[in-house]
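The structure appears right after this line, and notes come after that.
The values are calculated or read from the model by the stated rules, or taken from the named source; none is laboratory data. Predicted model only: the values in this text are computed from it and were never measured. Every residue, glycine as well, gets a Cβ built from its backbone with ideal geometry; the counts of neighbours run over all protein chains shown. What goes into the accessible areas is simple: the full protein's heavy atoms, side chains included, and nothing from ligands, DNA or RNA. Shrake-Rupley method; radii C 1.70, N 1.55, O 1.52, S 1.80 Å.
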Amino acid sequence: MTSNFDFLKRNDKDLFQIIIDAEELYRNEFFEQCMTQTRRFGEVICKNVLGSRRTTEVTFDAMLATLKDCTLGSSEEAKEFVEDLYFLKKHGNEATHSITVKQDGMEALECLKRAFEVAINYCAYSCNENRKILKLRYDVDLLITGKKSRKNLSEKYGEEKKKNSTKTTKPQYCSVKSKSQAPKRPYFWYFVGVSAIISAFLLIILAVI
């Protein structure tokens, strides 16, 4: 199955296998175990990056502290690299030592994405991989299905934006009931009619007399 981390295979097969196992755990919905595995992945990378600069550091926390000191004043990429490793350590520890089972799929997915960024920087700056890999983005479709998404990031964004803008709204109807107006009575014609009747009545009386 194709993976987001295929570029890592040609640089470090052991690291590749660790993170492949993490993705497999995610697909099977073992989210906490996935986060624990990404923590292991981050710890091994941290150890590799330190290399000979690691002396008495044994724990992941101690190695990260040393790595942080080594990257002081470095580029933003180096700082983000260390921050991502801290993220993996924190969430991996919480998943490992938590009493309750959260099964947070979004948190596990974020750990995989952070592990991806760590792997990218590790290969580009420590393994002399082609810097083109810095343009790679984590593909969630590839994680779930094993197939690369045919749509790029901008196309996906466009689709989401279109979905949000086409939410149906109920049309507003404004019905104003007008009071029924009674037709105006033609008083003039009533008067004419009554006068005509009276005149006719008078004429009959006069004729009889």
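Against the empirical 2.2 N^0.38 Å (N residues), the stretch 1-68 has a Cα radius of gyration ratio of 1.22. Note on the stretch 54-150: Cα-only Rg and Dmax are 15.5, 48 Å.
Modelled label positions at Cys127 and Lys90, each set 7 Å beyond Cα in the direction of Cβ, lie 2.7 nm from each other. Measuring between alpha carbons in the structure, the pairs from Lys68/Lys132; Lys47/Lys132; Lys79/Lys147 lying more than 28 angstrom apart are Lys79/Lys147. Rolling a 1.4 angstrom probe over the protein chains, ignoring ligands and nucleic acids, what is the accessible area of Ile144 in square angstrom, nearest 10? Looks like 90 Å² after rounding. Quick one: P(r) of the stretch 48-87 from all Cα-Cα pairs, 10 Å bins, percents rounded to integers, in order of increasing distance. Binned Cα distances yield the sequence 30, 59, 11.
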